Amino acid sequence: MCKHTPKSIAKRLDELAERMPQLVADHPDEGDFWAAYVRVSSPIVQDAGVVSEQALLHAQRRLEELLAEHEKIGSLAPPPAVGSEVVPDSDWLSRIRKRKKKRIF
């Protein structure tokens, strides 16, 4: 049984939204910011994925909005390589998760 619910994921996203200005202020170096951001956002995304695909998509969109609000995505994102498939921002994590499930080592 999953201990997380869409409501608990939304609450954690709200808490992260409140912490985001301080997170940005505490980590002026981009590398430090991204490391700290991944530490706090990854568990939310993982738990949302366990709840449902819809919860995962909601969490991804909400995190993208937070990053855009704090000017951490957009012009900082590297351009896609020539000839590569362009994936909409909200689909990147779900595509990565699907690829990982297919790999067998």
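One residue stands out in the range 30-56 among those that are surrounded by fewer than 17 Cβ atoms within 10 Å (Cβ to Cβ) and among the hydroxyl-bearing types (Ser, Thr, Tyr): the one that is farthest from the chain's Cα centre (by Cα), namely Ser52. Within the range 1-13, being part of a helix (DSSP H, G or I) and open to solvent by less than 50 Å² (accessible area, probe 1.4 Å) holds for Ser8, Ile9, Ala10, Leu13.
Please work out which residue is least open to solvent (accessible area, probe 1.4 Å), limiting yourself to the range 14-29 and to residues that are among the aliphatic types (A, V, I, L, M) and touching a Phe, Trp or Tyr at 6+ places or on another chain (Cβ under 7 Å).
Checking each candidate, the answer is Leu23.
The values are calculated or read from the model by the stated rules, or taken from the named source; none is laboratory data. Small disclaimer: the values here were computed from a predicted structure and weren't measured. Note: ideal-geometry Cβ built from the backbone for every residue, glycine included; neighbour counts use all protein chains shown. For accessibility, only protein heavy atoms count, side chains too; no ligands or nucleic acids. Shrake-Rupley method; radii C 1.70, N 1.55, O 1.52, S 1.80 Å.
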